[in-house]
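To start, the structure under review is shown below, and the notes come after it.
The values are calculated or read from the model by the stated rules, or taken from the named source; none is laboratory data. Quick caveat: nothing in here was measured; it's all calculated off a predicted structure. Because the Cβ atoms are built from the backbone with ideal geometry, glycine has one as well, and the counts that use them run over all protein chains shown.
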Number of protein chains: 4
Amino acid sequence: MTRIDNFKSIIDKYEVVFFDAFGVLKNYGGLLPSIERTFSYLAEQGKEYYIVTNDASRSPVQLAESYTTKGLTAITPDRIISSGMLTKEYLDLKVNDGIVAYLGTPDSAHYIDSSGLHTLPISEVNESNIDRVNALVFLDDEGFDWGRDLNKSVNLMRKRTIPAIVANTDHAYPLTKHDVSIAIGGLASMIEKIVGKEFIRFGKPDSQMFMFAYDLLRERRPISKRDIVMVGDTLQTDILGGNKFGLDTVLVLSGNTQAKDAENRITATGIVPTYICDSAVVEAGGLGF
Amino acid sequence: MTRIDNFKSIIDKYEVVFFDAFGVLKNYGGLLPSIERTFSYLAEQGKEYYIVTNDASRSPVQLAESYTTKGLTAITPDRIISSGMLTKEYLDLKVNDGIVAYLGTPDSAHYIDSSGLHTLPISEVNESNIDRVNALVFLDDEGFDWGRDLNKSVNLMRKRTIPAIVANTDHAYPLTKHDVSIAIGGLASMIEKIVGKEFIRFGKPDSQMFMFAYDLLRERRPISKRDIVMVGDTLQTDILGGNKFGLDTVLVLSGNTQAKDAENRITATGIVPTYICDSAVVEAGGLGF
Amino acid sequence: MTRIDNFKSIIDKYEVVFFDAFGVLKNYGGLLPSIERTFSYLAEQGKEYYIVTNDASRSPVQLAESYTTKGLTAITPDRIISSGMLTKEYLDLKVNDGIVAYLGTPDSAHYIDSSGLHTLPISEVNESNIDRVNALVFLDDEGFDWGRDLNKSVNLMRKRTIPAIVANTDHAYPLTKHDVSIAIGGLASMIEKIVGKEFIRFGKPDSQMFMFAYDLLRERRPISKRDIVMVGDTLQTDILGGNKFGLDTVLVLSGNTQAKDAENRITATGIVPTYICDSAVVEAGGLGF
Amino acid sequence: MTRIDNFKSIIDKYEVVFFDAFGVLKNYGGLLPSIERTFSYLAEQGKEYYIVTNDASRSPVQLAESYTTKGLTAITPDRIISSGMLTKEYLDLKVNDGIVAYLGTPDSAHYIDSSGLHTLPISEVNESNIDRVNALVFLDDEGFDWGRDLNKSVNLMRKRTIPAIVANTDHAYPLTKHDVSIAIGGLASMIEKIVGKEFIRFGKPDSQMFMFAYDLLRERRPISKRDIVMVGDTLQTDILGGNKFGLDTVLVLSGNTQAKDAENRITATGIVPTYICDSAVVEAGGLGF
């Protein structure tokens, strides 16, 4: 574990950088100040990058727009790997027909829709269509009535022997500086425990997220895992997942893990990043202008 | 494990009977047909009985009324031991002043209120009063907005180092013949996992429920645990709790555990009742009239 | 939560003191220096006390001897409540005949033996007697071959539908200043998970430990829970259990919880003692001689 | 979910077959009778196959020998993907120098050895070399003294902030027709819980196992996940893992899942194979001779 002062020196060591999104590139207040410098430097140096994010609330196109409208144009849809994309791949491969019921917003559903299946908000599942529901997907904590629709989800999973897919494994996410919100992953775990069945989860630390990005890279050219580094703010997802996949990892202190706790948490969890760095922002002098 | 044909023969063996409520005396359709015969026989034989129930939604007075209005007058408030009563005792002993925030209906709050503390729905906790909140109590799955108030509960428990008391440990309960509802115990477990703190739970199978009833009995006369039998429909709460407390136990097949599954479930869980009986209804001929 | 300088002031507030043993009265090095002063003061003031300990390795007589031989004569067998005693009560009430197989030393078995059942080391269970084994008891991490006998325990519990009783719920215990040892509670939890059955656990934080001591007290005179204080070094067992039972609690910093971590751990776990005190030793001046 | 009579019809549908080993190709009694017919048919039809096994006790060469000596020559080392190989890849990529301590036999260690690191049985870790131990690997349940070495493992993980790798995630495995044995995955989980750190696990249902096999396939030619089928006897590992990776799956009834339980277990777990078949043996007439 090495303390690094300027994120630039990490970029110099690798061919490809995987970034987590929330807590690394942005937080509840918007983009991290000067994060665009990092992407300028990556472009200048001819390095590749991907955003690897536990987010199934929107499509890559919509996610990319959220950066572009804030002034960061480097993050194009093809650079984004989301747990929602793995969910879509699963539905394409494993659910051939019928209805996919979902918890989430219409935006999240629109994205899954493109796999050709008929999507239906859980609120609209009823006696007349329940026999055609062939999967339940947990996409987002918004867009439905928790009291009514969590109960409907429990009863759907008790009545039908179908896969339940959790497209975002996080249990909570930061809402403001002081408050968090329960995430869809937390709600899904409660329902899984109540119905006693095994749900399918996509999202870091699971390897499938990293493999998806790795496969995209290899379609274009041979690349070794030694040439890739994963940058994240959360030990249990970004760093554990990156380590397990065989990548070097950087813990940044701009999100979930604060400078004062970093060492204690590393010791307590046993999850050790290759490097620690204040943030993923390349310092001003770092561009060599 | 002995199969018993008529519940009457169980009453004959003991001095005191503890009954679970839901699935034993009543279900979603109302009282079990002819269950009043059981209480007539208990009275005739001079046997004592208590209802030992994981229910914190109403006070014993209100719970007793729900039987009386259906025609079963034998279940008076002093015969009811609820997990809500243990919650009240805890607050009396351990929370001396300030506000107790709660999730539940006004009925459930009214009951806790009598311990002299100021109760407040979680929806009304805000910046101006949060510092005076000295406990959070999970009483009922109704009476609040899940989306808003579960998130408020998470943030309250992150900000304040106070006890959270789960007054009903069940994760789900039957709503109709085909549907269940998530119970407050399931919601509380999700929040406990997210905030990472240890919540305090009252309710079967925990011994404190049985001890409360046992203490009431001993206030009047000496009684051995050998003279008490616990009757319930759920292996993991009624039977496990009764066994662990040292009581003989009867599994009835009128609720959660169906006749066709009973043996498999006993083998799978290793929770063995002393007796199995179709229901707690004393058969017609059993009264000896 | 109040910081207390001299343990004497705690004794002054209550009628009865419950002490945890390891980390409070003794540690791997022997008795805490000057701990006898505490018991002199208790005697002088006419206060009662009990040792409430998750220890099933020896009988109260043997446990008391371990204090007497070190010079602390105040801890007589009748003052000791161990999780082993609850195990014995369970066997007395619930297992009527046959063989009780055990993991532990002959000393631990001797103690259970007195309940009239035939005890047998798990190593001696075989085809010819397995059908008469009516309970499996986890007493101590010593006295058996782990590789052979843990596997025998798994297979016994798969073949027989009998209760498994865990007489010590701790997962590890301190062996020296730097090393811990896996405790029988940790081994039992592994086996429980593998066989998928519900084991019965005795030991703090479970209420049954406190109830046992409380019942002994009440046999002699009426006593309120408000007059009892629980003193321990471990938040998850002593303090959580004491709080839940409705007692005031004292966290001492002479064992598992170190002064530098105490506040962080209390905040992280949400388990709040009534008082914090360096140790249970009454300071020299405290005796008023 | 479709019931298939002859495994031959499954082979006909796909280009590649992944087989689990234990319970599919062999069991405690040796090879499944006539399983060689399956491999003859695969060869005849020009289909590819891999053995995907949660086994880190031996190298692929040694595993292949165990089939060859029993007369099944089709299973060559290059056809075997074991969780041990993922462990080796992890050590190659992530642990650069120092000592790798292990629990297992010398055979299992020999295999890991080839990654250039110095391997050491946990029994030989001591004060003089502990600071150079940079990983702990759980390989096999044999080859060490459980009582001594499980405790040594706990203390190593408490003292050093290093990765612990669990090379076989199974908690138990069948030893004879009637008995199981605790597997190294069960022992590792106990230790993980005691030390409170996150261990790294390789083995089904984790995707990394399937990805490893899939990558080997793709090195030779393009292949879609739709052309691969996973055959296994265990819902929670083979079928769940195969499904999640996006493969079609076959549950065979020759191992962990028995014909009489299959439907109940599928309903209870919600893990649904694409097909169910008695065994992976191609029926005699199936070879078209």
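Right, residue D:225: modelled with pLDDT of 95 or more, of a type outside the set (Val, Ile, Thr) and surrounded by 24 or more Cβ atoms within 10 Å (Cβ to Cβ) or not?
Here the answer is no, as residue D:225 does not meet what is asked.
Suppose the filter is buried (at least 18 other Cβ atoms within 10 Å of the Cβ), part of a strand (DSSP E or B) and either at negative phi or at the interface with chain C (Cβ under 10 Å from one of its Cβ atoms) (or both); does residue B:249 pass it?
yes
Regarding the stretch C:196-205, can at least one residue be identified that is at pLDDT 95 or above, more than 16 Å from the chain's Cα centre (by Cα), of a type in the set (A, V, I, L, M) and surrounded by 18 or more Cβ atoms within 10 Å (Cβ to Cβ)?
no
Can you tell me which residues in the stretch D:4-25 are of a type in the set (D, E, K, R) and either touching a Lys or Arg at 6+ places or on another chain (Cβ under 7 Å) or modelled with pLDDT of 95 or more (or both)?
If the condition is that a residue be of a type in the set (D, E, K, R) and either touching a Lys or Arg at 6+ places or on another chain (Cβ under 7 Å) or modelled with pLDDT of 95 or more (or both), then D:8, D:12, D:13, D:15, D:20 are the ones that fit.
For the subset of the stretch A:145-180 comprising residues that are among the basic types (Lys, Arg), within 25 Å of residue D:264 (Cα to Cα) and not in a loop (DSSP other than H, G, I, E, B), which member is farthest from the other protein chains (Cβ to nearest Cβ)?
A:152
This table checks each residue for (1) within 27 Å of residue A:245 (Cβ to Cβ); (2) surrounded by fewer than 22 Cβ atoms within 10 Å (Cβ to Cβ).
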residue	(1), (2)
D:95	yes, yes
D:104	yes, no
D:120	yes, yes
D:136	yes, no
D:143	no, yes
D:147	no, yes
D:150	no, no
D:162	yes, yes
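Name the single residue, out of those in the stretch C:106-137 being at pLDDT 95 or above and part of a loop (DSSP other than H, G, I, E, B), that is nearest to the other protein chains (Cβ to nearest Cβ).
Among residues in the stretch C:106-137 that are at pLDDT 95 or above and part of a loop (DSSP other than H, G, I, E, B), the one nearest to the other protein chains (Cβ to nearest Cβ) is C:127.
Among the residues of the stretch B:58-80, what is the count of those that are crowded, with 23+ Cβ neighbours inside 10 Å and outside any helix (DSSP H, G or I)?
So the answer is 2.
Residue by residue, here is whether (1) closer than 30 Å to residue A:158 by Cβ; (2) touching a residue at least 40 places away in the same chain (Cβ under 8 Å); (3) not hydrophobic (A, V, I, L, M, F, W, C) holds:
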| position | (1), (2), (3) |
| --- | --- |
| B:98 | no, no, yes |
| B:103 | yes, yes, no |
| B:112 | no, no, no |
| B:152 | yes, no, yes |
| B:161 | no, no, yes |
| B:169 | yes, yes, yes |
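Taking residue C:185 as meeting all but one of (1) more than 12 Å from chain B (Cβ to nearest Cβ); (2) in contact with a Gly (Cβ under 8 Å, 6 or more places away or on another chain); (3) surrounded by fewer than 19 Cβ atoms within 10 Å (Cβ to Cβ), write down the number of the exception.
The failed condition is (3).
Checking residue D:17 against (1) assigned to a strand (DSSP E or B); (2) within 23 Å of residue D:141 (Cα to Cα); (3) aliphatic (A, V, I, L, M), which single condition isn't satisfied?
The one condition residue D:17 does not meet is (2).
Mind listing whichever residues of the stretch C:181-217 are of a type in the set (A, V, I, L, M), assigned to a helix (DSSP H, G or I) and more than 19 Å from residue D:149 (Cα to Cα)?
Once the filter is applied, which keeps residues that are of a type in the set (A, V, I, L, M), assigned to a helix (DSSP H, G or I) and more than 19 Å from residue D:149 (Cα to Cα), the stretch C:181-217 yields C:194, C:195, C:209, C:211, C:213, C:216, C:217.
Just checking, how many residues over the stretch C:206-225 are within 12 Å of chain B (Cβ to nearest Cβ) and closer than 20 Å to residue C:55 by Cα?
Total meeting the criteria: 9.
Pull up the stretch C:65-77, narrow it to residues that are in contact (Cβ under 8 Å) with a residue 24 or more places away in the chain and not hydrophobic (A, V, I, L, M, F, W, C), then point me to the one that is farthest from residue C:139 (Cα to Cα).
Here the residue is C:71.
Hey, among the residues in the stretch B:252-271 that are surrounded by fewer than 19 Cβ atoms within 10 Å (Cβ to Cβ) and within 9 Å of another protein chain (Cβ to nearest Cβ), which one's nearest to the chain's Cα centre (by Cα)?
Among those residues, the one meeting the criterion is B:269.
Tell me, yes or no, whether the stretch A:229-238 has at least one residue that is acidic (Asp, Glu) and outside the structural domain of residue A:46 (by TED's automatic domain parsing).
No, the stretch A:229-238 has no match at all.
Quick check on this structure: which one of B:239, B:223 is of a type in the set (Val, Ile, Thr) and either under 21 Å from residue C:195 (Cβ atoms) or in a strand (DSSP E or B) (or both)?
Of B:239, B:223, the one residue that is of a type in the set (Val, Ile, Thr) and either under 21 Å from residue C:195 (Cβ atoms) or in a strand (DSSP E or B) (or both) is B:239.
So which residues in the stretch A:226-236 are within 13 Å of another protein chain (Cβ to nearest Cβ), touching a Leu at 6+ places or on another chain (Cβ under 8 Å) and part of a loop (DSSP other than H, G, I, E, B), if there are any at all?
Listed by number, the list is empty, since nothing qualifies.
Does the stretch D:171-195 hold any residues that are of a type in the set (Asp, Glu) and either within 21 Å of residue D:90 (Cα to Cα) or under 16 Å from the mean Cα position of the chain (by Cα) (or both), and which are they?
Passing the criteria: only D:192.
For the list (1) within 20 Å of the chain's Cα centre (by Cα); (2) on the phi > 0 side of the Ramachandran plot, I need the number of the one condition that residue C:34 fails.
Result: residue C:34 fails condition (1) only.
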